[in-house]
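Step one of this worksheet: look at the structure below.
Read-outs throughout are calculated quantities, based only on the coordinates presented, and are distinct from any laboratory measurement. Since the model is a prediction, treat every value here as computed from it, not as a measurement. Counting neighbours? That spans all protein chains shown, and the Cβs are built from the backbone with ideal geometry, glycine included.
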Amino acid sequence: MHDGKQPNTLLLLEHPHVYTQGRLSQQEHLLLSKNQLDERGIDLVETDRGGQITYHGPGQLVAYPVVNLRDWGGPLRYVRTLEQIIVESLSSFGIAAGLVEGLTGVWVGGQKIAAIGVKISRGVAHHGFSINVNNDLSYFDHIVPCGITDRRVTSMQQIVGDVIDPAGVRYSVAYHFGQGMGFTMVENPETSL
C-alpha cells in the first residue's frame, strides 16, 4: 500500500471474543484478571491503533479500511468521514445516530453504538471502526469502553428490538464508505486472510 500499487481496501468481518487495547489504554480499564479472561475464553490483544480498550465479538461488524490518504485528506477529516459513514449506514435501518461533542464514535440517545480507532502510517490508514449490530453487550461490562465511564453502549438490535440482518449492514457500510470516501466499490468474494 505504501508504494501505491495496492488498491484501497475495506475489510468487513466479525471477530471471536477479544478485548483490544489501543495506544492510550490504561490497565485499570480492564476489569478482569488474566485467569478470568482465560475462563471466559476472551483474548486480550495490544494494538497500535489510537484509542483505548474496546471489545470485539460475534454479532459485531468490524471494518478495516486500508486506505492511502496522501491525496485524500488528513487524519481529522478521515475520522470525521468515518463517523458520517456510520451515521448514514445506521440511517438505512431507521436508526437516528449522531455525534457527541468531544467524543469520537457514533452515538444513539447518549449511548455508544460504534467505536473508531485508527492508525495512520506514512499516509496509509489502518485499523478502523466497529458497529454493535447483534452482539452480546454484556462483554462491555468487564471493561471501561474507550475510557468513558459515564456512558453505556448499545446495539442496532437493542434499538430496533429485533435481530438485524448482518449482510444488510455490511452492504450499507460498503455503500456509504464508497460514497463518503469518493471510491468506487468492487466486491471481492470471501477469502481467507
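Here L90, L44 are screened, and the one residue that is in a helix (DSSP H, G or I) and among the aliphatic types (A, V, I, L, M) is L90.
Checked against the criterion of being surrounded by fewer than 16 Cβ atoms within 10 Å (Cβ to Cβ), under 20 Å from L10 (Cβ atoms) and not basic (K, R), the candidates D43, D48, D38 yield just one match: D48. Scanning region 175-186 for residues that are surrounded by fewer than 19 Cβ atoms within 10 Å (Cβ to Cβ) and touching a strand residue (DSSP E or B) at 6+ places or on another chain (Cβ under 9 Å) gives G178, F183, M185. Residue check, A63 against (1) more than 13 Å from I131 (Cβ to Cβ); (2) hydrophobic (A, V, I, L, M, F, W, C); (3) not in a loop (DSSP other than H, G, I, E, B), all met but one. Which one? If we test A63 against (1) more than 13 Å from I131 (Cβ to Cβ); (2) hydrophobic (A, V, I, L, M, F, W, C); (3) not in a loop (DSSP other than H, G, I, E, B), just (1) comes out false. With respect to the conditions (1) in a strand (DSSP E or B); (2) in contact with a His (Cβ under 9 Å, 6 or more places away or on another chain), Y139 lacks only one, and its number is (1). Could you check region 96-115 and list, in sequence order, the residues that are touching a Cys at 6+ places or on another chain (Cβ under 9 Å) and either part of a loop (DSSP other than H, G, I, E, B) or aliphatic (A, V, I, L, M) (or both)? Selection gives L103, A115. Taking each residue of region 112-137 that is closer than 14 Å to G22 by Cα and looking for partners that are among the small types (G, A, S) and surrounded by fewer than 22 Cβ atoms within 10 Å (Cβ to Cβ) with beta-carbon atoms closer than 8 Å, six or more apart or interchain, yields G117/G22; G117/G50; V118/G50; K119/G50; H127/G50.
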